[in-house]
1. Considering the chain as a Gaussian network with a 10 Å cut-off on Cα pairs, which listed residue, PRO85, PRO105, PRO300, attains the greatest mean-square fluctuation?
2. Shape of the range 125-219 from its Cα gyration tensor (a ≥ b ≥ c, root eigenvalues): rounded if a/c is under 1.5, otherwise prolate when a/b > b/c, or oblate?
3. In a Debye calculation with equal point scatterers on the alpha-carbon sites of the range 151-270 and no solvent, what is log10 I(q)/I(0) at q = 0.09, 0.12, 0.13 Å⁻¹?
4. Which of the three applies to the range 215-308, rounded, prolate or oblate, going by the alpha-carbon gyration tensor with a ≥ b ≥ c and a/c under 1.5 meaning rounded?
5. If you count only protein heavy atoms with a 1.4 Å probe, what accessible area per residue comes out for the chain, rounded to a whole Å²?
6. Quick one: Debye curve from the alpha-carbon atoms of the range 29-96 only, equal weights, vacuum; give me log10 I(q)/I(0) at q = 0.11 Å⁻¹ to two decimals.
7. Give the whole-number value, in cubic angstrom per residue, of the convex hull volume spanned by the C-alpha atoms of the chain.
8. How much length is gained if the chain between SER66 and THR136 is pulled fully straight, taking 0.36 nm per residue apart and subtracting their Cα-Cα distance, in nm to one decimal?
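The values are calculated or read from the model by the stated rules, or taken from the named source; none is laboratory data. Just so we're clear, the structure is a prediction, and the values are computed from it rather than from any experiment. Here the Cβ positions follow ideal geometry from the backbone for every residue, glycine too, while neighbour counts run over all protein chains shown. Accessible surface is based on the protein model in full, side chains and every heavy atom, while ligands, DNA and RNA are left aside. Shrake-Rupley method; radii C 1.70, N 1.55, O 1.52, S 1.80 Å.
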Amino acid sequence: MVTVRGLRLDVVPVNLAPVPPLPSRRSFIVHVHGHGMEGWGEICCEPFSPSRYDVVLQEWIRQFPSWVLTLTGDGVQGLPGAPSPVVWGVESALLDALARREDRPLATLLASRVSPVQVWAWGGEVREGAWRAYQTAREQGYSVIKYKLRRLKEDLRHLARMLRGRTGPELWLDANGHFALQAWRHMEVFTQTLPLRGVEEPCASWEQGCAALPFPVWLDESVVDPEALMERLHSPIAGVVLKPARLGSWQELKHRVERIRSAGKAVVLTHVLEGNIGRLHALHRAAALGLPGPHGLHLPDGEPVWAVGDAPGIGEVNP
């Protein structure tokens, strides 16, 4: 445990490389330093405008040196309330600083036992580049590749035709709740032949029949009401996809994961289109929580399985 006062907080807005279909992305890199400590975090603006956070961040920057903060592997005490992405970014930087001060990887600060983290490959939308992404994922040894669905019948038909007679990664499909339950039931001729590891938020509205579709159904982070979440955890879903950057603190993430796992469901972590700093923080948390994955936390030039390693904090910082 370390209690400090007088740390400095720097927040730098950056433009991240576009991720189709988004033409651009904005993020804030968070840097805390002082008293021989230094750490980095990230606040991703998607899907909100950067102006949503400007007022809070400017006030935090002004007051930050006067706050008395207690840093432990259980999180940070002394931070005031704020939008969850702000709490996530600043607490991440503080935890990174503590881990670097102790010359240990962040995951080992958060938990006594850590495990390798399996990640999936990113295939994008099911269009002309789907086969190329699948080939690359297979060559690189990924066991799962994720695609976004935009047109249910056309996309499933394309995937079925593309994979007929071939072996390779299983599919993770994200429908973002765009389609009706009955539309999925009409697609069983395709879903029964596809190697589906999971389908995220397949239906536009929640029904028990949605959870009982003939493939693994996953909820996403849009279920924020605790009672609604518990109700759905009692249905035959496979698990829940969580975005740590949307939950905020390490304590909140642990609490949410414990609640889901106590109901016998799996947990997968994914990103909010942030850069390497935010994804590395999420990877260290997945390793500390012992979540096998596969997770949506792939890094550029990364491997199908990410290991914690020996570097202190989150390792080399490269937005």
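1. PRO300
2. Numbers: a/c = 1.89, a/b = 1.77, b/c = 1.07.
Prolate, since a/c reaches 1.5 and a/b exceeds b/c.
3. -0.26, -0.46, -0.53
4. prolate
5. Numbers: 14130 Å² over 319 residues.
For the chain, the per-residue accessible area is 44 Å².
6. Debye intensities relative to I(0), on a log10 scale: -0.24.
7. On the way: hull volume 40.6 nm³, N = 319.
In the chain, the Cα hull volume divided by residue count equals 127 Å³.
8. Numbers: separation 70, 0.36 × 70 = 25.20 nm, distance 5.05 nm.
Extra length from SER66 to THR136 when fully extended: 20.2 nm.
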